[in-house]
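Coordinate-derived values only; no laboratory data. Fair warning: this is a prediction, and the values are worked out from it, not measured in the lab. Cβ atoms come from the backbone with ideal geometry, glycine included; neighbour counts cover every protein chain shown.
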Amino acid sequence: MLKGQAHKFGSDISTDLIAPGRYFHLRSNLPELAKHVLEDADPEFASIVKSGDFVVADSNFGLGSSREHAPIIIKMAGVAAVLAKSFARIFFRNAINVGLPVLICDTDQIGQGDELEVDLAAGIIKDKTNGIELTFSKIPEAMLKILDEGGLVPYIKKHGDFKL
Amino acid sequence: MGKTLVEKILSNKSGTDAVAGGIAIAKVDVAFVQDGTGPLAVRQFDEAGFAKVANPDKSILFLDHAAPSPNQQLSNDHMLLRQFSKNTGVQLSEVGEGVCHQIVAESYASPGDVVVGADSHTVTAGAFSAVATGMGSTDIAVAMALGKTWFRVPETYKIVVNGKFQKGVYPKDLILHLIGMIGADGATYKALEFAGDTIDAMSMVGRLTIANMAVEAGAKVGLFASDETTRDYLIKQGRGDSYVAIAPDADAVYERVIEIDAGTIEPTVSKPHTVDNTALAKELGDVKIQQVFMGTCTNGRLNDFAVAAGILKGKKRHADTRLLIAPASRKVLSDAIAAGYIQTLLDAGATIMPPGCAACVGVHQGILGDGEVCLSTANRNFKGRMGNPDSYIYLASPATAAASAITGRITDPREVV
């Protein structure tokens, strides 16, 4: 069971907003890059996010570039999962590959700062602040196999090949 | 049941019956990274315990996003990639050779290929009838090592375009028009397949521009059937023997069909800060611009500079508008010099930059100041994209960009030609 607070974002949160190009030179220094996570969407986010919190966004989260640094630094900031109405496809696949759960649900029901409990196995999100219970779309089976191993590198180390 | 282009190619490359919605594990023909995604791919390659690359002749490391390097951190990243090339025998495309997607078009992608790159605009090679898509660094590290990757076979939207473009209208206007119509997530997880008499008559350069921007509607790939135009382009690059004719089956199943009359499209612009925020150039009013940027994997090819030079010949850029030019590859630059386009652009007051991504990614070579406005021929106008979150990016065709460089405000090219 994951427990934490919701940090709300709008729609079309691009990878440029998550990991801005002006910090391109920090991509080989991920702890330093992580200090700027989501900076151009919310300059305060990196300083207020706590370990176990959730990023909760509207639709098309993660559109844009293939930079895997985007889900990596979200995870490094302590975020337990990203919840959104929909995700851009490269970001979704990258998040699974780095072991960051990405959950598709009706995020309109969740308020800024709400206390959430997420049961990944049962597919249930409980908003303790407003008492609402939500379900999220099942992560595709092939991707669940990768996520269950903690990401693509641990998956390949264990299986040596794609056994999806 | 008939197959779409993506189903056909993935069936062939997976040795299975690939049908939309299923999973296909496919052979990878071309795999690449660039200097923004490559260092992480190298680390993941090492972390996974790989030592060998499956197909080093068609695995490429491109130094294009920060080229030449603007600072010591990125110089060190370049060194890491050069060393990986020495260790594994994969190809290195050095600083100044050009943008990865243009070099893949010139030297690597062929009809029927699976092309994967750690760059979202890998979709560009869809113009060759290749299943070409962007992935993250880890996926590409694994694809380089194993020579294969997995796909969820996408459903396909067929985009049927018929009719002739009006004067001053180009393939860039068509793809901006389409993205404005269906939205930045209008084709998420889907394949786009382009057809119709406008597409049949279109040059490879035009098809590359359109395929390049498929991802801006969320698509996994933007595909074109291969034809004589594809074959001629490959022959010109010295790769005629790699031509294969590929077309979708007549009874292929499409999730959606969108029809567009090319004759109704007018010069189109994406306004800040999303690509689907489109408007007609003539309706924008007085949008003053401090910078015009012409280049990139979208519109940095010879034909694009031919159009721009045609409009700028004998004219000068507006005194308040910088004009930055970055050819997409060394070959494009060389050909543009031979054709006289570079001299024309220099005479008009342009700054010529080395082949590469240049100002597009906000790393170097044309970062905007606070509150500044840029009109770019690139594919993305997200907030902060060009290095400053307090700046504004509009996207348009090379014709609109050239016309606007003269007037200093966003201008319908039909006003000046």
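Rounded to the nearest 20, the size of the Cβ-charge dipole of the range A:2-159 about its Cα centre is 640 debye, with Lys and Arg at +1 and Asp and Glu at -1.
Shown for A:133, B:415, A:39, B:7: other C-beta atoms within 10 Å of each C-beta, ranked fewest to most, produce the order A:133, B:415, A:39, B:7.
Pair-distance distribution P(r) for the range B:267-417, from all Cα-Cα distances in 10 Å bins starting at 0: 13, 48, 34, 5 percent. Remark on the range B:23-101: hydrodynamic radius 13.0 angstrom, per the Kirkwood mean of 1/r across alpha carbon pairs.
Computed over every Cα-Cα pair of the protein assembly as shown and binned at 10 Å starting from 0, the pair-distance distribution P(r) comes out as 4, 19, 30, 28, 15, 4, 0 percent.
Starting from one equal scatterer on each C-alpha and no solvent at all, send me the Debye-based log10 I(q)/I(0) for the range A:2-159 at q = 0.16, 0.18, 0.20 Å⁻¹, two decimals. Reported log10 I(q)/I(0), two decimals: -0.85, -1.08, -1.33.
About its Cα centre, how strong a charge dipole does the range B:53-185 have in debye, to the nearest 20, once Lys and Arg get +1 and Asp and Glu get -1 at the Cβ?
On the way: 9 positive and 12 negative charges, 58 e Å.
With Lys and Arg at +1 and Asp and Glu at -1, about 280 debye.
Look at where the Cα atoms of the range A:62-120 and of the range A:1-61 average out, and the two centres are 10 Å apart. Within the protein assembly as shown, antiparallel bridges make up roughly 30 percent of the DSSP beta bridges whose residues both belong there.
Take every DSSP beta bridge with both residues inside the range B:268-415 and express the antiparallel ones as a percent of the total, to the nearest 5.
Numbers: 5 of 19 bridges.
If I count the DSSP bridges inside the range B:268-415, around 25 percent turn out antiparallel.
A crude spin-label estimate for the pair residue B:266 and residue A:145, with each label 7 Å from Cα along the Cβ direction, gives 5.3 nm. Peptide A:22-33 is shielded by partner chain Cβ atoms: per residue, an average of 5 of them sit within 10 Å of its Cβ. Name the residue from B:123, B:278, B:28 whose Cα lies farthest towards the positive end of the charge dipole of the protein assembly as shown, charges +1 on Cβ of Lys and Arg and -1 on Cβ of Asp and Glu. The residue sitting farthest along the positive end of the dipole is B:28.
Backbone phi angles across the range B:121-136, fed through the Karplus curve with coefficients 6.51, -1.76 and 1.60 (θ = phi - 60°), yield HN-Hα couplings of 7, 3, 3, 3, 6, x, 4, 8, 6, 10, 7, 10, 8, x, 9, x Hz in residue order; Gly and Pro are listed as x. Taken one residue at a time, the phi angles of the range B:353-367 give Karplus couplings (6.51, -1.76, 1.60, θ = phi - 60°) of 10, x, x, x, 6, 6, 7, 4, 9, x, 9, 5, 6, x, 6 Hz. Gly and Pro are set to x.
Pairs of Cα atoms nearer than 8 Å and 6+ residues apart set the relative contact order; for the range B:301-399 it is 26 percent.
Just check the range B:1-138 against the gyration tensor rule for me: Cα atoms, a ≥ b ≥ c as the square roots of the eigenvalues, rounded for a/c under 1.5, and otherwise prolate or oblate depending on whether a/b exceeds b/c. Can you show the working numbers first?
Values: a/c = 2.42, a/b = 1.78, b/c = 1.36.
In terms of gyration-tensor shape, prolate.
Overall, chain B carries a charge dipole of about 580 debye about its Cα centre when +1 sits on the Cβ of Lys and Arg and -1 on the Cβ of Asp and Glu, all other atoms neutral.
With an a/c value of 1.5 or above and a/b not larger than b/c for the gyration tensor axes a ≥ b ≥ c computed over the alpha-carbon atoms, chain B is described as oblate.
Here are some pairs, A:85/B:383; A:85/B:164; B:220/B:288; B:3/B:148; A:138/B:158; B:58/B:220; which of them have Cα atoms lying more than 30 Å apart in this structure? With Cα atoms farther than 30 Å apart: A:85/B:164; B:220/B:288. Of A:138, B:315, the sequence from fewest to most neighbouring Cβ atoms within 10 angstrom is A:138, B:315. Ranking B:305, B:235, B:348 by how far each Cα lies toward the positive end of the dipole of the range B:232-354 (charges on Cβ) leaves B:348 at the top.
Quick one: order B:351, B:37 by neighbouring beta-carbon count within 10 Å, fewest to most.
Working: B:351 14, B:37 30.
Lowest count first: B:351, B:37.
Between residue A:29 and residue B:256, what FRET efficiency follows from the Cβ-Cβ distance if R0 is 30 Å, with the result rounded to 0.05? Numbers along the way, then the final one.
Values: r = 44 Å, r/R0 = 1.46.
Once rounded, the FRET efficiency stands at 0.10.
Take every DSSP beta bridge whose two residues both sit in chain B; close to 20 percent of them are antiparallel.
With respect to the cross-link table entries A:50/B:190; A:8/A:145; A:35/B:282, which display a Cα-Cα separation exceeding 31 Å? In this structure, A:50/B:190; A:35/B:282 lie more than 31 Å apart at Cα. Shown in residue order for the range A:95-112 are the 3J(HN,Hα) couplings computed by the Karplus curve 6.51 cos²θ - 1.76 cosθ + 1.60 at θ = phi - 60°: 4, 4, 4, 9, x, 9, x, 10, 10, 9, 7, 7, 6, 4, 6, 9, x, 4 Hz (x for Gly and Pro). Considering the range B:252-305 at the alpha-carbon level, its Rg and Dmax are found to be 15.4, 48 Å. Since only A:162, A:144, A:52 are under comparison, the one whose Cα sits farthest along the positive direction of the charge dipole of chain A, derived from C-beta charges on Lys, Arg, Asp and Glu, is A:162. Extension gain for residue A:159 to residue A:117 (0.36 nm times residue separation, less C-alpha to C-alpha distance): 11.9 nm.
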